[in-house]
Each structure stands twice: as C-alpha cells, then as structure tokens.
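Data first, discussion second: the structure below is written as structure tokens.
The values are calculated or read from the model by the stated rules, or taken from the named source; none is laboratory data. Keep in mind that this is a model prediction, so the values were computed, not measured. For neighbour counting, all protein chains shown are included, and Cβ atoms are generated from backbone atoms with ideal geometry for every residue, glycine included. Surface areas here come from the heavy atoms of the whole protein model, side chains and all, with no ligands, DNA or RNA. Shrake-Rupley method; radii C 1.70, N 1.55, O 1.52, S 1.80 Å.
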Amino acid sequence: MEKYRINGGRALRGEVEISGAKNAAVAIIPAALLVEGVCRIENIPQISDTDMLLTILAELGAKVSYINKSTIEIDCTHARYQDAPYDLMRKIRASYYLIGSMLGRFGSAKTTMPGGCNFGVRPIDQHIKGMTALGATIDVKNGFIYADAAGGRLRGARIYLDKVSVGATMNIMMAAVLASGRTIIENAAREPHIVDLANFLNSMGADVRGAGTDTIKVNGVDKLHGGSYSIIPDQIEAGTYMVAAAATGGEVLITNVIPKHLECISAKLRETGTIVQEYEDSVLVKGASNLRRVNIKTMPYPGFPTDMQPQMGALLCLARGTSVITEGIYDNRFKYVNELRKMGAEIQVDGRIAIIEGGRRLTGAKVLACDLRAGAAMVIAGLCAAGVTEVEDIHFIERGYENFVGKLQALGADIEMVDVSETVELGDKIISLG
Ligand code: EPZ
C-alpha cells in the first residue's frame, strides 16, 4: 500500500496542464453504451474511476481501444445486456449512470447501489423518480437496483427534480435520448459537465437542448451513431491547483482550462487577496503574503462548488482572522477537519458549518485522506506545513487526480509516493527509511 510523503514550506512555481473533467468522463463513458457505433473520446483523464467504468463496459461487450494515453475508442455495437462486474460498480458513485444508459439501450438494467465518497446520506430517489416517469419499473433489493422498461422502450415525460442533482439530471438525460417522444427535465443541475454530456450525446445524433439551464428538453431519437468528442478540462482539478498556488504563496500558470467554469473559484480567491489573472485558456495565480479570511457557502453551479470546499478549508487555516464555511450540498463533508486538527488547525464544526480560526502555521503530521477532495485538502495542507506530512489512504485521491504527484513535483513540491512501510515515526518526527 502507498502513501504520499510531503516536505512542506515550498512555494509552487511554474506551469501545470489540466486533464479532462472526471465528472464529465464518468458520465460520457457509460453514455457510449447508447451508441451503436464507434465513439472516439479525447481528453479522458487517466484516473481509477474511468479505468473501472471502461472495464465494466468491456464486460458488457463493448470493444475498448486505447489510441493514446487520453484518447480511446469505444464500440458498443455488439454490447449486450448481461451481468456486469458488480464488485467494481459498488466502488464508484458513477455506476448509477449505467441505469440510464442500460435502460436506454437495452430496456433493462441491473446495477448495484452506487459507492463513492461518504459525506452522509447520498440517496438516489431523484434518479428513481426520473426513470419511473420514463416508464421503467424500479426495484431495489439485496443491494441491487433492477430497472425494466415495459415493452423495451422508454417514453418521454415531464420530470421536475425535487432537488438539484447532477447525477439525476445526467442519468435521466441519458435514459431519455432513445425514448419515444419528448422529455423535459425541470429544476435540472447546470454544471459544466452536464453541458459536456449533452454535447457528447448530440454529437452522436441525439437531440438534447437547454443543458446548462434549469430546463433541459430531450427529443427522443431511434438510434445514435458513432462520432468523435473531446471532454472539457476539469474545473475542480484546476481549482485545486489554484488553491495550492495561493496557499503556498507561489505563482502558477494553470493551462488547458475554461476560465468561465472557474469564475466562482477565482472570485473567492481574489477575496483572500490572491491575484488571479485570466487568459483565453489559462489562469495565472499569484499567492498573497497575507491571506485574508473569507466566508464560503457551497451551492450548485454557478455557485461555489462543494468539490472545492475541503481545499478552501485547508487554505483558510492560513488566512488571518475567522472564516466560516457553510456546506450547502452535503450533510457531512467536514471529516477532513479532524485531519487538519492533527496539523494544528483550530476549526469548530457544527452540522453544515465550519468556523476556522486562521493565521496559524500548520505542522507536518501523519494524516488520512477521508475522501477524494478531503485528500486533496490534506496534500495542500502538507505543502504549506512546517516539516513532513504523510497522507495515507491515497487511493481516494488517485480516483480523481491524474498524475497528482508528478504535476506537483513539476511545480517544485517536495512530494513523493512511498510504500507505507518506508517511513517510521520517531517522537514527533517522521523518518524516511528509504
Ligand atoms: C456529483 O455527485 C459529483 N460526482 C460529486 O463530485 C459532486 O459533489 C456532486 O455531483 C455535486 O456537484 C460525480 O459526478 C460522479 P448530486 P452526485 O446528485 O451526482 C442529494 C467529487 O468530488 N440527492 O448533485 O451524487 C444528494 O444527497 C464528487 O468529484 C438526493 O437527495 O451529486 C446531495 O445532497 C464528490 N437525491 C445533493 O442532492 C438524489 O436522487 C446533490 O447531489 C440525488 C441527490
């Protein structure tokens, strides 16, 4: 088993290129199942979530060809409805997209209840509401979800989502593209990756309109054809490097981004005194010597993204004054706070609110990655801390960040991936045995 070992205190400097968006890729790959033809998909991030989904698709009869490290061709012409590797499905949240894509293509679906990061209850009732409205019968038993469209083809419907849900919006969109008639999804989520999925489906012959607004209209078609598509850059990966540059007081040019997708993150960082300069497809971040406290409330896009909340939590430990973070999406997304406390952070958590007493110098410690973005937050904290920080359970981080250690090393970070057995604690020091 491996962990990250970080020797903190270095300002990040240089240039980093952003990979394809994880939360777009984990929807677009299952959506390829809807296409009877070859989908050539570029800018796929090399992360474990996409690897797992490609393996699942291959088990359903898809032919997956790797053109280069970020380009694949998926041919689902001969895909057939059959049992899939449920042990893989259980590990990722995005396995729920197989409900929509299998229902749309085969008229039936069997998946496991989704896995993914644990921030409290993460129901899928809105997914079920949408599939039921489209004419499917849904049954949840023994940890599996069974879906069946009577007669094999879904029929269009008007669906009002009770909660703004990224997953439900994308899942229903997928199921609707081959349904008979029109589907209207109201109170839809508006994230960039939702627009990306709609654009992918439309490039394969679907008729999806209004993605990116709160009302999406899908006119069902009989069949989708093959085509080519390139996934958008990852808004959250980009934001993570922006915060790391700000927290370490460095200067980093983050390339291959869509600045519009980063507007809320850039605005919040500017409030801390960080300089953020936007160019056509890159942003330059210059850390401030004295970071200012700010308040954050996470909201659905275009509000401040919940997936950037832990990273900002780490940064605000360094900002002078008291900052307040309100988590507007999940019940319990502050598990990383206990790990920051091991490094000297002073944070009080009360339900969905965290109060951060900033202006403190963090000190290196052995910490855990509690989930994907919490893990990224601990790396940011380690980069700023005095001394050595070790981050364990890094498999969470590897799910969503391509070449995280390599990209940080190229920016001057003293970070390495080591085997868990390679270091020991002597007193309050961490000693490398390598
Ligand atoms: C997606 O999760 C992302 N995951 C999450 O990113 C992200 O945090 C989230 O959207 C919000 O942006 C993927 O795309 C794979 P939701 P998802 O449905 O689809 C409640 C990361 O770090 N809800 O928008 O599961 C839910 O409990 C990950 O990359 C219902 O009540 O999120 C939550 O409180 C973490 N019923 C809120 O809605 C439902 O049927 C938003 O969830 C569905 C959701």
Quick check: anything in the range 283-292 among the basic types (Lys, Arg) and touching a residue at least 60 places away in the same chain (Cβ under 8 Å)?
no
When the range 166-223 is checked residue by residue, the ones that are in contact with a His (Cβ under 8 Å, 6 or more places away or on another chain), within 13 Å of the ligand (Cβ to nearest atom) and within 22 Å of residue 76 (Cα to Cα) are 170, 171, 172
Checked pairs for the range 219-240, first among the aromatic types (Phe, Trp, Tyr), second within 16 Å of the ligand (Cβ to nearest atom), C-beta under 7 Å and 6 or more apart or across chains, list as 229/200
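Quick grid of which residues meet (1) more than 25 Å from the chain's Cα centre (by Cα); (2) surrounded by fewer than 23 Cβ atoms within 10 Å (Cβ to Cβ):
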position: 335; (1), (2): no, yes
position: 364; (1), (2): yes, no
position: 367; (1), (2): no, no
position: 406; (1), (2): no, yes
position: 414; (1), (2): yes, yes
Those residues of the range 38-53 which are open to solvent by 10 Å² or more (accessible area, probe 1.4 Å) and not β-branched (Val, Ile, Thr) amount to 40, 42, 43, 46, 48, 51, 52
Result of the Cβ filter at 7 Å on the range 199-210, keeping first residues that are within 14 Å of residue 183 (Cβ to Cβ) and partners that are part of a loop (DSSP other than H, G, I, E, B) and open to solvent by 10 Å² or more (accessible area, probe 1.4 Å), at least 6 apart or interchain, is 206/221; 207/221
The correct count of residues that are away from the ligand (no atom under 14 Å from the Cβ) and either out of contact with any Gly (no Cβ under 6 Å at 6 or more places or on another chain) or β-branched (Val, Ile, Thr) (or both) in the range 10-31 is 5
Heads up, the strands (runs of 3 or more DSSP E) in the range 231-333 (entirely inside) with at least 2 residues that are open to solvent by less than 30 Å² (accessible area, probe 1.4 Å) are 251-255, 282-286, 322-326
